[in-house]
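Taking it in order: structure first as structure tokens, then the write-up.
The values are calculated or read from the model by the stated rules, or taken from the named source; none is laboratory data. Model, not experiment: these values are computed from the prediction. Don't worry about glycine lacking a Cβ; one is built from the backbone with ideal geometry, like all the others, and counts go over all protein chains shown.
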Amino acid sequence: MADAQKVKEVILAISEIIEEKKLYLTQLDAAIGDGDHGLNMAKGFGAAKEKLESTNPETPSDILKAVGMALISKVGGAAGPLYGTAFLNASKSVAGKTELDLNDYQVMLEAALDGVKIRGKATVGEKTMVDAIEPALEALKKAIAEGSSTREAMDKSVAAAEEGVNYTKTIIAQKGRASYLGERSIGHIDPGAMSSYVILKTIAEKF
């Protein structure tokens, strides 16, 4: 079970790992995009961290909402609205709850994915963050249905997200600046898929 304090710890851990990986994420983006994804994500999660430490929201939903708003206001390019929407949708899906379990996590991930797909008009196979998040959700659902433990379900979800990231290396980008490259985008990992994987992995490790 994860209460507000645990959710806050998870967000702070995400902020830390994104800061660590910002240059790597930016290098991935430089190959096929604007070259600012890692720096923008670090700025956004840095702002989210400051927000949580200065306002101390009381429920998991309030925390996720604060993160979503910080990402929308601070992350440039497409990533801000997409990640912001993901966190805002997740926030709404668990409104009123004081503790979150594995089933709540599935509901949150589903809501987040829906938000990303609607906002980004993206589906699996277009070389976007959806290619990491959707397999992660499907693997999580399957694991829960099979009665897996929380740890097993999280591990299976993260493994599916990693497979999704690797899959983006084999396909042509169909969204954003990367789509201009056509077949030249093959061989490159999508930075949004990678940052999604990093976030999902951190959640799994801390949940």
Of the residues in the stretch 137-195, those that are touching a Ser or Thr at 6+ places or on another chain (Cβ under 7 Å), in a helix (DSSP H, G or I) and at pLDDT below 95 come to 178
Taking the stretch 72-93 and the residues there that are in a helix (DSSP H, G or I) and among the hydrophobic types (A, V, I, L, M, F, W, C), the one that is farthest from the chain's Cα centre (by Cα) would be 72
Every listed condition ((1) over 17 Å from residue 86 (Cβ atoms); (2) modelled with pLDDT of 95 or more) holds for residue 32 save (2)
From the option list 173, 139, single residue qualifying as over 18 Å from residue 85 (Cα atoms) and without any contact (Cβ under 8 Å) to a residue 40 or more places away in the chain is 139
Of (1) surrounded by fewer than 20 Cβ atoms within 10 Å (Cβ to Cβ); (2) more than 17 Å from the chain's Cα centre (by Cα), residue 100 fails just (1)
Of the residues in the stretch 53-71, those that are modelled with pLDDT of 95 or more and not in a loop (DSSP other than H, G, I, E, B) number 12
